[in-house]
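Heads up: the structure comes next, in structure tokens.
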Amino acid sequence: MTERWLAVRVEPSGDAQQAVIDALFAAGAQGIQEQGTSIVTHFPPGTDAAQIVRAVATADSRAEVSCELAAEVDWSEWRASVTAHRVGRLTIAPPWLAASDDMTVVIEPAMAFGTGEHATTRGVVRLMQELPHMPEIVADLGAGSAVLAICAAKLGAGRVAAIELDEDAIGNAEENVVRNRVERVVHVVNGDAALLLPLMAPVGLILANIISSVLLELLPLIRESLFEDGRAILSGILEEEREMMTDAILRNNLRLESEDLEEGWWSVMIALQR
């Protein structure tokens, strides 16, 4: 069985990047990737390309937009390509490759981001395991499939809020939570992390595997939402963005504690300045 998705690339003008990203998500984008100054995303088969162009133009009239059908996807071949990943003490695996033990995180690959296939997910999971102990209260911002929230639960967290804005991802996240038998610990919440995080603060650990532009906006809120000895683990940052992100972390009175780099993706653990 094959399907043709609509591939969209946008070159925003000036400082309109966030407005374009918001417009793409509002139009039904399943996820966003920054490639240099360009924004790349995909829409399901049957999406009206003209409607997407109009949505972007409303947010940024000077943006350059290109749309084309993505290459055909053979889902049976794709399924065969998904593998299990050993990340420290944890293994992240699809159901058909998963062992039945407490340290295996079983994730059904779906449109929700986060299966263990991406280096950013693995970077966060590795850094989590560098903590001397897993904090009691954890917030996972932009939770996607809830893979990071589930990992935190498996590593000993007492209560984890998996916050996800995309309604289409919620069902997959909830199924993964039940599949891993952590529903007493992980609670999937549909909403805006910027609004919900202050309601549960202070927390001991914040996980945020999100595009760098959103991380920059969230840094002040992350700082204000941590316990004095709390930490945050950030990912979704390209290696060439490391200096820019490090400067922003320090400006927000936060410090770097540990770093991870894989396949050009930088992940970092940060804490309050002492």
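The values are calculated or read from the model by the stated rules, or taken from the named source; none is laboratory data. All values derive from a computational prediction rather than experimental measurement. Heads up, the Cβs are rebuilt from the backbone with ideal geometry, glycines too, and the neighbour counts pull from every protein chain shown.
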Candidate set from segment 162-189 (those that are touching a residue at least 40 places away in the same chain (Cβ under 8 Å) and aliphatic (A, V, I, L, M)); member that is farthest from I211 (Cα to Cα): V186
Test for R223: is it of a type in the set (K, R), more than 22 Å from I270 (Cα to Cα) and over 12 Å from the mean Cα position of the chain (by Cα): no
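It is to be established whether one or more residues within segment 144-151 are assigned by TED's automatic domain parsing to the domain that holds A162, closer than 24 Å to L165 by Cα and surrounded by fewer than 24 Cβ atoms within 10 Å (Cβ to Cβ).
no
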Residue within segment 246-264 that is small (G, A, S), within 19 Å of the chain's Cα centre (by Cα), part of a strand (DSSP E or B) and at pLDDT below 95 present: no
Residue identified as of a type in the set (V, I, T) and either outside the structural domain of L218 (by TED's automatic domain parsing) or assigned to a helix (DSSP H, G or I) (or both) among V189, V160, V124: V124
Total residues in segment 15-66, condition free of Cβ contacts under 8 Å to residues at least 40 places away in the same chain and among the aliphatic types (A, V, I, L, M): 11
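Specify the residue that is farthest from V203 (Cα to Cα); the eligible residues are those in segment 137-161 that are of a type outside the set (A, V, I, L, M, F, W, C) and more than 17 Å from the chain's Cα centre (by Cα).
So in segment 137-161, the residues of a type outside the set (A, V, I, L, M, F, W, C) come out as 140, 142, 144-145, 154, 156, 158-159.
Those left that are additionally more than 17 Å from the chain's Cα centre (by Cα): 154, 156, 158-159.
Working: K154: 18, G156: 15, G158: 11, R159: 10 Å.
Only one residue fits best here, namely K154.
Pick out the one residue from A169, A193, A161 that is under 18 Å from T121 (Cα atoms), aliphatic (A, V, I, L, M) and touching a strand residue (DSSP E or B) at 6+ places or on another chain (Cβ under 6 Å). Let's see the steps before the verdict.
Working: A169 fails: touching a strand residue (DSSP E or B) at 6+ places or on another chain (Cβ under 6 Å); A193 fails: under 18 Å from T121 (Cα atoms).
None of the other options fit; the residue is A161.
Can you tell me how many residues in segment 231-244 are surrounded by fewer than 21 Cβ atoms within 10 Å (Cβ to Cβ) and under 18 Å from S258 (Cβ atoms)? Please lay out each step first, then the result.
Restricting attention to segment 231-244, the residues satisfying the condition of being surrounded by fewer than 21 Cβ atoms within 10 Å (Cβ to Cβ) are 238-244.
Checking the rest, the ones that are also under 18 Å from S258 (Cβ atoms) come to 239, 241-243.
Going through segment 231-244 one residue at a time, the tally reaches 4.
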Test: V40 is surrounded by 12 or more Cβ atoms within 10 Å (Cβ to Cβ), over 19 Å from E241 (Cβ atoms) and out of contact with any His (no Cβ under 8 Å at 6 or more places or on another chain): no
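Regarding D229, is this residue in the same structural domain as M128 (by TED's automatic domain parsing) and more than 21 Å from L148 (Cα to Cα)?
On the way: in the same structural domain as M128 (by TED's automatic domain parsing): yes; more than 21 Å from L148 (Cα to Cα): no.
No; evaluated as a whole, the condition is false for this residue.
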Whichever residue in segment 109-146 is farther than 20 Å from I222 by Cα and among the hydrophobic types (A, V, I, L, M, F, W, C) and, among such residues, is modelled with the highest pLDDT: A119
Single residue of segment 84-106 satisfying the filter (in a strand (DSSP E or B) and of a type outside the set (A, V, I, L, M)) that is modelled with the lowest pLDDT: H85
